[in-house]
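Everything on this sheet refers to the single structure shown next.
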Amino acid sequence: MQRKMENGRYDKEDLQEALRVLRAGGIIVYPTDTVWGIGCDATNEEAVRKIYRLKQREDSKSMLVLMDSEAKLPYYVGDIPEAAEMLLDCCNGENGDASLNGENGDSKPMTIIYPHARNLAGNLIAEDGSIGIRITNEAFSKALCAQLRHPLVSTSANISGHPTARFFHEIEQEVLDGADYVCRFRRDDETPHEPSSIIKINADGSFRIIRS
């Protein structure tokens, strides 16, 4: 039975069980700062392979990862272009850029695709050596990343080609059955969440907006 959450706080036992599974090389279904996701330790190649199998997706299509802090980026990205630092500042609201912030001034989640990925599972990195990374400020996924001490794979909780589940009750049973653990936090939450912006930055500092 799902345990009630008080004041929007997650259940520590729920968090610890998710961490236990992640550290053992398993995969989880969990709430993120956008839609529900399927996740694993982003440095574990076999765990990443399990997600590709569950989603029935080719492993030539890279998946993005979540981190809890910008300070960890240099370990996983060989050379962070200056343009990326400027975009992160915008997303944090330092210049109030309305194109990256919500109607009420709240920052919209933003995924940046960086060149020169490193120290991650090889089957997670795109053929051109890039990786999509988002810094999460959502409580549960942020705590997972911080306590796992590794980036966390984040891919939508659906079979490849099927509609994205906007809320927990829309997740296909095949996905739930295929995970090693399904988190309890925010299962009843039906607050609409926007997909993140996606911006790809090249090694020369040029960039392309894939999704605004």
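The table that follows gives values for the structure above.
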{"quantity": "Within the stretch 35-65, considering residues that are out of contact with any strand residue (DSSP E or B) (no Cβ under 6 Å at 6 or more places or on another chain) and within 25 Å of THR191 (Cβ to Cβ), the one surrounded by the fewest Cβ atoms within 10 Å (Cβ to Cβ)", "calculated": "LYS55"}
{"quantity": "Residue list for the stretch 8-37, filter: closer than 14 Å to VAL65 by Cα and aromatic (Phe, Trp, Tyr)", "calculated": "TYR30, TRP36"}
{"quantity": "Residue identified as surrounded by 14 or more Cβ atoms within 10 Å (Cβ to Cβ), outside any helix (DSSP H, G or I), among the small types (Gly, Ala, Ser) and modelled with pLDDT of 90 or more among ALA203, ALA143, ALA165", "calculated": "ALA165"}
{"quantity": "Output for the stretch 168-191, where each listed residue is assigned to a loop (DSSP other than H, G, I, E, B), of a type in the set (Val, Ile, Thr) and within 22 Å of LEU19 (Cα to Cα)", "calculated": "ILE171"}
{"quantity": "Listing of strands (runs of 3 or more DSSP E) fully contained in the stretch 1-89 that carry 3 or more residues being within 21 Å of SER197 (Cα to Cα) and either among the charged types (D, E, K, R) or modelled with pLDDT of 95 or more (or both)", "calculated": "37-39, 64-67"}
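The values are calculated or read from the model by the stated rules, or taken from the named source; none is laboratory data. Since we're looking at a predicted model, the values are computed, not measured. All Cβ positions, even for glycine, are placed from backbone atoms using ideal geometry, and neighbour counts span all protein chains on display.
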